[in-house]
């Protein structure tokens, strides 16, 4: 039976990255639920397309054991995170990511995902692919210049244009 995935979508989310994950999961029968990193299920892509996702991050907190994997779908994550770091939804996001990582669940993401994972301390000893501008921020793991990295339970891509390069390994791990 396929593993169940919790997908975190920041607001605004990069639609190209998010939809690559969702399409691949749908096409391969992998169950998933999308959680908005926001106060509401109504979010947008960074190109302005309105989306209504399944739930909000607050309702995932404490339910990490119901999932086998976490996807962090990046967007304007870092500027928005910086502006809203003290908001409950961002604090919930960090707690959820840390809980998933500490439980050894599959951690999947692109662009700044590795940096967000790193901020929680869960990337220690792991190689991660991250957006080139975020590379200096990686303190616990090891940032590489690769298009994607698979290191144990971490699956990271440099940006949304490289999600497809790691998708075969992601799908194999989730099936």
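Just so you know, all these numbers are worked out from the coordinates, no wet-lab data involved. It should be emphasised that the depicted structure is a prediction, and the values quoted were computed from it without experimental measurement. Counting neighbours? That spans all protein chains shown, and the Cβs are built from the backbone with ideal geometry, glycine included.
What FRET efficiency comes out for the pair residue 44/residue 103, r = Cβ-Cβ distance, R0 = 30 Å, nearest 0.05? Working from the Cβ atoms, E equals 0.45. Calculate for the chain the 222 nm mean residue ellipticity that helices alone would give, adding -39,500 (n - 2.57) per DSSP H run of length 4 or more and normalising by residue count, nearest 500 deg cm²/dmol. That comes out to -9500 deg cm²/dmol. Among 123, 156, the ranking by other beta carbons within 10 Å of each residue's beta carbon, starting with the fewest, stands as 123, 156. Here the average projected area of the convex hull drawn through the C-alpha atoms of the stretch 48-93 stands at 4.0 nm². Separation of the stretch 89-136 and the stretch 9-43, taken as the distance between their Cα centroids, equals 17 angstrom.
Among bridges DSSP assigns within the stretch 94-175, what percent are antiparallel (round to 5)? Don't jump to the answer; show the numbers that get you there.
Numbers: 4 of 11 bridges.
Bridges in the stretch 94-175 are about 35 percent antiparallel.
Classify the stretch 1-68 as rounded, prolate or oblate from the Cα gyration tensor: take a ≥ b ≥ c as the square roots of its eigenvalues, call it rounded if a/c is under 1.5, otherwise prolate when a/b beats b/c and oblate if not. Oblate, since a/c reaches 1.5 and b/c is not below a/b.
Could you please rank 1, 166, 93, placing first whichever residue has the fewest other Cβ atoms within 10 Å of its Cβ?
On the way: 1 6, 166 21, 93 25.
Least crowded to most crowded, the residues run 1, 166, 93.
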